[in-house]
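Note sheet for the following structure.
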Amino acid sequence: MNKNKKCRVSGQELTEVINFGKQPLGNGFIQEANLVEEYFYEMAVGFSEQSKLLQLMEQPEADKMFHDNYAFYSSTSNYMASHFKKFAESIIDSEYISKENPFVVELGCNDGIMLKHFSTKGIKHLGIEPSKNVALEANKIGINTISVFFTENLAESIVREQGHADIFMAANVMCHIPNICDVVRGIKKLLKNNGVAIFEDPYLGDIVQKVSYDQIYDEHVFLFSALSVKYLFNMHGMDLIDVIPQKTHGGSMRYVLANRGVYPKKPSVDLLIQEEARLGLDKTATYIELASKIKKSKEDLLKILLRLKGEGKSLAGYGATSKSTTILNYCGINSSILSFICDTTPIKQGRLTPGTHIPVVPYQHFINNPPDYTVLFAWNHSEEIFEKERLYAEGGGRWILHVPEVRIL
Ligand code: JHZ
């Protein structure tokens, strides 16, 4: 695969701003037998001042990342379960959904964490989930799910067979899609004239402010801001009518898009766009500066880990997140530094972390073998995890975090 030199939306020449070197698949947890076949690509990040889109220059093929053994199940966090319940309820109660026979479509519905709140109310729905194993979980709980990639062609056939939708929604999905213009054309065809698209993704403003560079990995081909989402949808005759910040994934943004002129724009949009200009999210220089902050974060983390290791402390990780793949590979942290990473997801357990080959172990292993220091790779779930692991801290266990700065708690 070659580096993409042009912005996938504006076609403008990209300026390379950050380069993480060779990286494996973020969710490419491997079994020992597969060691030799491991896949790597160059993870360079480019910026287009025209579209304001920060994007990966090279991204692995979609079927390498999303397949029958996809390792991320949404329903692994209680906080996320309640977040998606509230998200669903806010849509059901909104002015955007028809009172009679509404139809909602969710892209990347994963194990049905959000759609189940529509299906249990008898609302006509459709989940589109290319990763078959997680789609099967959604099917099992009675959600209408098809396991394909969403395209403009698929939108046309959904309209033919099931009619136009009131709502198109997606959470942590749109930023994964390289052929985003095809998807936006599909959204426009799928929706009723007064239908809306509502989606949320990790927010670029948070990534820049917190130096949470681990949000950059193969699956996240785009790191969106209000500026870039506005540009993308404006190209297709749609307006950004609302933005609602979210606490999830260390800072996300929910975007609401509608056909031009159908709904008034909420004041939140211009306020956020002004804030983005203040943060410099529209400037290449901001990302060049981010690259040096990322380098510093790496140095700080390695300094702490190597010092503790030298003092003979035991070190492990908590949460074999997709994000951790970037940190581990970029910083060169392997099993000589961290003896294991615990994770509650059965499909990850007994495997090795992509590229760095640290054993992923069941949660119970952490309880039975508490390390002196634990790097919290699932830092976005810190409230939930600190609450659950009070005894670890009370017993003298120490947490290491790298966001918003590297520190020991
Ligand atoms: P978490 C995923 O990223 C993948 P990840 C995806 N590409 C995406 O876009 C983002 O989500 C948004 C475990 N865990 O949510 C479960 C525990 O072990 O940070 C998960 O493996 N114990 C779709 O992978 C991981 O941590 C716990 O108590 O970076 C969390 O992954 C909790 C709460 C979680 O997303």
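Looking at Glu49, Glu58, can you tell me which residue is farther than 22 Å from Tyr330 by Cβ, charged (D, E, K, R) and more than 16 Å from the ligand (Cβ to nearest atom)? It would help to see each step written out before you state the result.
Values: Glu58 fails: farther than 22 Å from Tyr330 by Cβ.
The match here is Glu49.
Could you grab me the full set of residues in the stretch 173-189 that are over 30 Å from Lys99 (Cβ atoms), touching a residue at least 40 places away in the same chain (Cβ under 8 Å) and part of a helix (DSSP H, G or I)? Show your work before the answer.
At the first step, the residues of the stretch 173-189 found to be over 30 Å from Lys99 (Cβ atoms) are 175-182.
Filter again for touching a residue at least 40 places away in the same chain (Cβ under 8 Å), leaving 175-181.
Across the stretch 173-189, the qualifying residues are Cys175, His176, Ile180, Cys181.
Inspect all residues belonging to the stretch 287-297 and state whether any of them is surrounded by fewer than 16 Cβ atoms within 10 Å (Cβ to Cβ) and within 16 Å of the ligand (Cβ to nearest atom). Checked against the condition, which is being surrounded by fewer than 16 Cβ atoms within 10 Å (Cβ to Cβ) and within 16 Å of the ligand (Cβ to nearest atom), the stretch 287-297 yields no hits at all. Each residue in the stretch 26-68 was checked for being closer than 20 Å to Tyr203 by Cα and either assigned to a strand (DSSP E or B) or modelled with pLDDT under 95 (or both), and 11 pass.
With respect to Leu53, determine if the residue is touching a residue at least 40 places away in the same chain (Cβ under 8 Å), buried (at least 19 other Cβ atoms within 10 Å of the Cβ), more than 27 Å from Glu129 (Cβ to Cβ) and among the aliphatic types (A, V, I, L, M). Let's see the steps before the verdict.
Working: touching a residue at least 40 places away in the same chain (Cβ under 8 Å): yes; buried (at least 19 other Cβ atoms within 10 Å of the Cβ): yes; more than 27 Å from Glu129 (Cβ to Cβ): no; among the aliphatic types (A, V, I, L, M): yes.
No, not satisfied.
Scanning the stretch 197-219 for any residue that is within 18 Å of Ala171 (Cβ to Cβ), at pLDDT 95 or above, charged (D, E, K, R) and over 20 Å from the mean Cα position of the chain (by Cα) turns up nothing. For beta carbons closer than 6 Å, sequence separation of 6+ or different chains, a first residue in the stretch 67-78 that is near the ligand (Cβ under 8 Å from one of its atoms) and a second that is open to solvent by 60 Å² or more (accessible area, probe 1.4 Å) and not polar (S, T, N, Q), there are no qualifying pairs. Take the conditions (1) modelled with pLDDT under 95; (2) away from the ligand (no atom under 16 Å from the Cβ); Ala81 misses just one of them, which is (2).
Among the criteria (1) more than 16 Å from the ligand (Cβ to nearest atom); (2) modelled with pLDDT of 95 or more, the one Gln23 does not fulfil is (1).
Can you find a residue in the stretch 172-179 that is open to solvent by less than 10 Å² (accessible area, probe 1.4 Å) and more than 14 Å from the ligand (Cβ to nearest atom)? Don't jump to the end; show me each part of the working.
Step one: list which residues in the stretch 172-179 are open to solvent by less than 10 Å² (accessible area, probe 1.4 Å), which gives 174-175.
Next cut, more than 14 Å from the ligand (Cβ to nearest atom) only: none.
No - not one qualifying residue is present in the stretch 172-179.
All conditions in (1) assigned to a loop (DSSP other than H, G, I, E, B); (2) within 26 Å of Thr374 (Cα to Cα) hold for Lys296, with the sole exception of (1). Of Ser98, Ser75, all but one fail to be of a type in the set (Ser, Thr, Tyr) and either open to solvent by 50 Å² or more (accessible area, probe 1.4 Å) or in a helix (DSSP H, G or I) (or both); the exception is Ser75. Here the strands (runs of 3 or more DSSP E) wholly within the stretch 190-284 that include at least 2 residues being open to solvent by 10 Å² or more (accessible area, probe 1.4 Å), under 30 Å from Asn78 (Cα atoms) and within 16 Å of the ligand (Cβ to nearest atom) are 238-246.
Scanning the stretch 119-162 for residues that are open to solvent by 10 Å² or more (accessible area, probe 1.4 Å), under 21 Å from Pro102 (Cα atoms) and in contact with a Phe, Trp or Tyr (Cβ under 6 Å, 6 or more places away or on another chain) returns Lys124, His125.
The values are calculated or read from the model by the stated rules, or taken from the named source; none is laboratory data. Please read these numbers as outputs of a predicted model, since none were measured by experiment. Glycine also receives a Cβ, built like all others from the backbone with ideal geometry; neighbour counts cover every protein chain displayed. With ligands, DNA and RNA removed, areas are computed over all heavy atoms of the protein, side chains included. Shrake-Rupley method; radii C 1.70, N 1.55, O 1.52, S 1.80 Å.
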